[in-house]
1. Kindly evaluate B:E156 against the criterion of being more than 22 Å from D:S5 (Cβ to Cβ), more than 10 Å from every other protein chain (Cβ to nearest Cβ) and touching a strand residue (DSSP E or B) at 6+ places or on another chain (Cβ under 7 Å).
2. Please count how many residues of segment B:160-206 are outside any helix (DSSP H, G or I) and either aromatic (F, W, Y) or in contact with a Gly (Cβ under 9 Å, 6 or more places away or on another chain) (or both).
3. Considering only segment C:28-51, how many residues are closer than 14 Å to D:L173 by Cβ, in contact with a Leu (Cβ under 8 Å, 6 or more places away or on another chain) and either facing chain D (nearest Cβ under 7 Å) or modelled with pLDDT under 70 (or both)?
4. Restrict the check to segment E:68-78 and report whether at least one residue is more than 17 Å from E:L216 (Cβ to Cβ) and either within 12 Å of another protein chain (Cβ to nearest Cβ) or within 17 Å of the chain's Cα centre (by Cα) (or both).
5. Would a scan of segment B:106-128 turn up a residue that is part of a helix (DSSP H, G or I) and touching a Gly at 6+ places or on another chain (Cβ under 9 Å)?
6. Filter segment A:1-30 for residues that are within 14 Å of another protein chain (Cβ to nearest Cβ) and either part of a loop (DSSP other than H, G, I, E, B) or of a type outside the set (F, W, Y) (or both) and give the result.
7. Answer with yes or no whether E:A161 is more than 16 Å from ligand 4 (Cβ to nearest atom) and surrounded by fewer than 19 Cβ atoms within 10 Å (Cβ to Cβ).
8. What number of residues within segment E:202-248 satisfy the criterion of being within 16 Å of ligand 1 (Cβ to nearest atom) and at pLDDT 85 or above?
Amino acid sequence: MLEVRELECVRGDHRLFKGLNFTLQPGELLHLRGKNGAGKTSLLRTICGLTAPASGEVLWKGENIRSLRDEYNRGLTFLGHLNGIKGELSALENLRISSSLSGEKIPENQILDALHKMGLKGREDLPTKVLSQGQKRRVALARLLITKTTLWVLDEPFTALDVHAIDVLKALIARHIQAKGLTILTTHQHVEIDVGVLKEIDLSAA
Amino acid sequence: MLEVRELECVRGDHRLFKGLNFTLQPGELLHLRGKNGAGKTSLLRTICGLTAPASGEVLWKGENIRSLRDEYNRGLTFLGHLNGIKGELSALENLRISSSLSGEKIPENQILDALHKMGLKGREDLPTKVLSQGQKRRVALARLLITKTTLWVLDEPFTALDVHAIDVLKALIARHIQAKGLTILTTHQHVEIDVGVLKEIDLSAA
Amino acid sequence: MSESSLLLASRSMLVRDLTLAMRRKADVLTTLFFFLIVVSLFPLGVGPQMEMLRGIAPGVIWVAALLASMLSLGRLFSDDYQDGTLEQILLEPHPLSVLVLSKVLAHWLLSGLPLVIFSPLLAMQLGLDGEAIVLLLITLMLGTPALSLIGAVGAALTLGLRGGGVLISLLVLPLYIPILIFGAGAVESQNAGLGAQAHLSILGAFLMLTLVFAPISTATALRISMD
Amino acid sequence: MSESSLLLASRSMLVRDLTLAMRRKADVLTTLFFFLIVVSLFPLGVGPQMEMLRGIAPGVIWVAALLASMLSLGRLFSDDYQDGTLEQILLEPHPLSVLVLSKVLAHWLLSGLPLVIFSPLLAMQLGLDGEAIVLLLITLMLGTPALSLIGAVGAALTLGLRGGGVLISLLVLPLYIPILIFGAGAVESQNAGLGAQAHLSILGAFLMLTLVFAPISTATALRISMD
Amino acid sequence: MGFKNSVIWLYFSSPRNFYPFAGKLIPWFGWLAAVLMIIGLYIGFFVAPPVLSDQKEYYVIIFIHVPAAWMSMFIYIIMSLYAFIALVWNIKMSEMMATALAPTGAMFTFLALWTGALWGRPSWGAYWVWDARLTSELILLFLYIGFMSLQSAIDDPRRAARASGLLAVVGAINVPIIYFSVRWWNTLHQGFSVQPAQTQQLMDPSIKWGMLILALAFWMYTIAVVLYRVRTIILERERQTTWVQELVSSKS
Ligand code: HEM
Ligand SMILES: Nc1ncnc2c1ncn2[C@@H]1O[C@H](COP(=O)(O)OP(=O)(O)OP(=O)(O)O)[C@@H](O)[C@H]1O
Ligand SMILES: Nc1ncnc2c1ncn2[C@@H]1O[C@H](COP(=O)(O)OP(=O)(O)OP(=O)(O)O)[C@@H](O)[C@H]1O
Ligand SMILES: [Mg+2]
Ligand SMILES: [Mg+2]
């Protein structure tokens, strides 16, 4: 489904990695490892098509994602180091807009439901800039509950979350994998997710 | 040394905590716990004097920090959710400026040494905005190696760090405590620091 | 289905930006205030001779409109860039140029349109007559959207750069010049008895041209800046 | 000891801001080019007749200076706010108003001074004579630091803004106006044979006033915004 | 033929092949520029009749002014062509050429403005008037400066080249529009009657030849300087490749 071929990534003078190859099939989880600065974020951004690779290519269903673009994006959810939510808008508005921007209309109660599941009850209508660090992250993660995308690319999704929220997220990812979704994630924390196929790649080794 | 008396913190309609009392003596570490949004960050910012408390007071050597201000600040290092480093400047310049802003002149090789200890060898002269998330955090933390302050207030210092960097930081805090320093920190991760007196306060319980 | 989902997306982009601006009214009002102040200042700086003021009125109003519209350009994309929502916008399953067009439309509604609405008041203050005021209104109506469209390219190119605000003006102002010349020139040409038909057609043509090319250039610039 | 450490701190604040700007060599120059372009826009708007240009020249140059200062002031604190360095500055063991003064000084050196230095060139382009140019130079020298100082208060207040954005525009822009009026009016008054002494004294008094009150107000505003 | 041509282009679109080739060309163009410059200036100073002004020092300015003004416009067109090619086909060499052209273009624009201003003083009595040509030349200078400022404001060289390239292309769409709009703007007011009258007298063939030769000299100079500059850019942008590292180590 997702295939990475001979990927090379260069930032400034540093070559982060080279000749990277892997494939990911539906129902598989890829855990990307590597020490600080190994190139995990760079790889994830390249896989999403935000950064152009120095050489090599990323294929989705056999086609280069650069030529697919919109079709590829339709099946993709990316969560980066930044939360991608507007501080002036409430959690509810953020989710409503993020879903309608991708062209779907999600019923209001479904969005509220997602926020409650992420433990944001009573905080739905506050401007997100007053929320705590962990609560902001939860708003960003609530998107995963309302999208129907197949490929999730999550860059350190567990940061700032407390133990309870980590459990919720783990369950969420496990369910996604069971439903034949694909997930790529990075984390420095020790997190065990209960899934069938768990692939691991260590970028520091390269 | 540091005393918190009947502290109350209110944000918008929410009262985060009330009637909070504790003291911290030289050589003690306070681990602040609490779920997302419990008010840890708010408490730390109040302790630093960035936020005014709704009621109650924070005392340093028996005096209210609001009346001390400059003298209190001289003994204080705060690390928040934000790293507080300039993306356009290199790690080296950031540290140099941060120390001279507090009125001290630190020799260049001491700064370089601090950066190397934090595993930033070869990255000293890059503008920090191109560094990875974890590397940026390391630059911010390197400040702890060159200050001579007694009170460290660290808001989730372990975020974004890899296992190696976490170990370095743990050792650093332990050394600070041994040298009769005071430290207050929060973290959601499971981190064990080897010190004599470890106090814990759970804000969720309040 | 795809058609209507694109429509939904671009509409919600527009609504989003308008809501955000309403949350922080500062942005809208400073632009307007700035415009009003720059124009009202001129009688003070130049002296109260009515004929002189009438002569420079269209030029002054146009320059003020151009600068005021530019003032607000700096934040067109930079807020979205800093909080990571721009990344998300780049990953939407829709042509980026269409979403950009929505954003520019929002920008114009917030910073261009208020100026257009208030310009007759200022023109009156400077002694323009009824016919000239109507003509000025039409030129602003045609010209200011083009300003926003061109400005968007500059804003996208300077994204994430320090001193972006000033750099934008450096990139964009030279490209604004034709609009300024024909916008301000229309009233003058009318007064000289030459008619303003040609000026208006050219402004219209310019609007069409920017409407076609600016969103695509802006989208390209955004992808480059986010790389 | 405390005295010299304060000196070190305020100097390194200045150096820091200058270095940040120098990182982008363009940053300093762009303010200048912006100024240049804005002034060149006016002839394009109002037409090339020399006598008319000479009449509006001081006003135009002053408006351009104000704009350049306003454009760059928006980011005086917001960058530091967003990356968390402002928190750190608030926690420095020194009076905040002194550090603020250093920041404003850096801002003026980078955006005010170059503009003052190059204004004679522009004044010449617009046809002003030698005496008028010298006078204009003096007014800019007195006025632009005041603009920077007042702008800093506004910039500090805007940081923690929720709904009351109107307040800032209402607060800062009216304070800019007297500077503009007396700055631009000085040359006019001189030409009319009334002398510019009074104008200059008022500008000087304004500068003193802002020098005393602006840093303290800015520091207070910053503490409020960061709460 | 067409095939062979495209192979040659492909060959030189690689920085590695272009680098030594450019190195060989530089002296040729450099010398040509010098020789032509001397001939042109000789004609300007000693051959051409002093029809325009009594003072030779002022008068020779036109031999620099006009070719410089031509060059300033040509270079912008070529620069944006390179930028366009780079954006569409993603050819690195083309990016670098656009980058290398800008400073020279700006230099000629400045030269045209400066010589024009110097000449304006004796002939119009003012260094500067808001004439159509003058204004559009000034705007062209702003466009060049914008291009270079954007370039220097971005750290990453690849991103810098692509961003400023896009700006050059957008500017190129606008340049003719600016040029004609400024003309039209000015003809609405009174024109400057000095210039057309003097252009009539310019028909003396030695003047024409002098200008043409100097224009050619400027061309050669531009090519030499741009090739030199592009070689520096190649070294900088390709410094992590093995061939550059070998080259550098073999030299030192
Ligand atoms: C700053 C002042 C000036 C600037 C920016 C300037 C700019 C230009 C430009 C852009 C051209 C080439 C454009 C074209 O061929 O249409 C040009 C050509 C020329 N300029 Fe100037 N000019 C200036 C002053 C003058 C002055 C003072 C004179 C003489 C009175 C002059 C005489 C000419 C002539 C004779 C040509 C050649 C026209 C032709 O090719 O037919 N210029 N100038
Ligand atoms: N211009 C540059 N010159 C040299 N090195 C650079 C440049 N830009 C980025 N880098 C390096 O590229 C790497 C980027 O790493 P990336 O952000 O992908 O790391 P990561 O694996 O996500 O790390 P983290 O765990 O800290 O998030 C860093 O090591 C950084 O120092
Ligand atoms: N205007 C407001 N109205 C209501 N609640 C508010 C308002 N502003 C802040 N809050 C609440 O105050 C709390 C701030 O918490 P704080 O940032 O101190 O949490 P924290 O313990 O640091 O959490 P985290 O672990 O996520 O960093 C949050 O629960 C937030 O929702
Ligand atoms: Mg990362
Ligand atoms: Mg917190």
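1. It is false that B:E156 is more than 22 Å from D:S5 (Cβ to Cβ), more than 10 Å from every other protein chain (Cβ to nearest Cβ) and touching a strand residue (DSSP E or B) at 6+ places or on another chain (Cβ under 7 Å).
2. 18
3. Looking only at that region, the number is 5.
4. yes
5. So far as segment B:106-128 goes, yes, one or more of its residues are part of a helix (DSSP H, G or I) and touching a Gly at 6+ places or on another chain (Cβ under 9 Å).
6. If the condition is that a residue be within 14 Å of another protein chain (Cβ to nearest Cβ) and either part of a loop (DSSP other than H, G, I, E, B) or of a type outside the set (F, W, Y) (or both), then A:E8, A:C9, A:V10, A:R11, A:G12, A:D13, A:H14, A:R15, A:L16, A:K18 are the ones that fit.
7. no
8. Result for segment E:202-248: 7.
The values are calculated or read from the model by the stated rules, or taken from the named source; none is laboratory data. Everything quoted here is computed from the prediction, not taken from an experiment. Here Cβ is always computed from backbone atoms with ideal geometry, including for glycine, and neighbour counts include all displayed protein chains.
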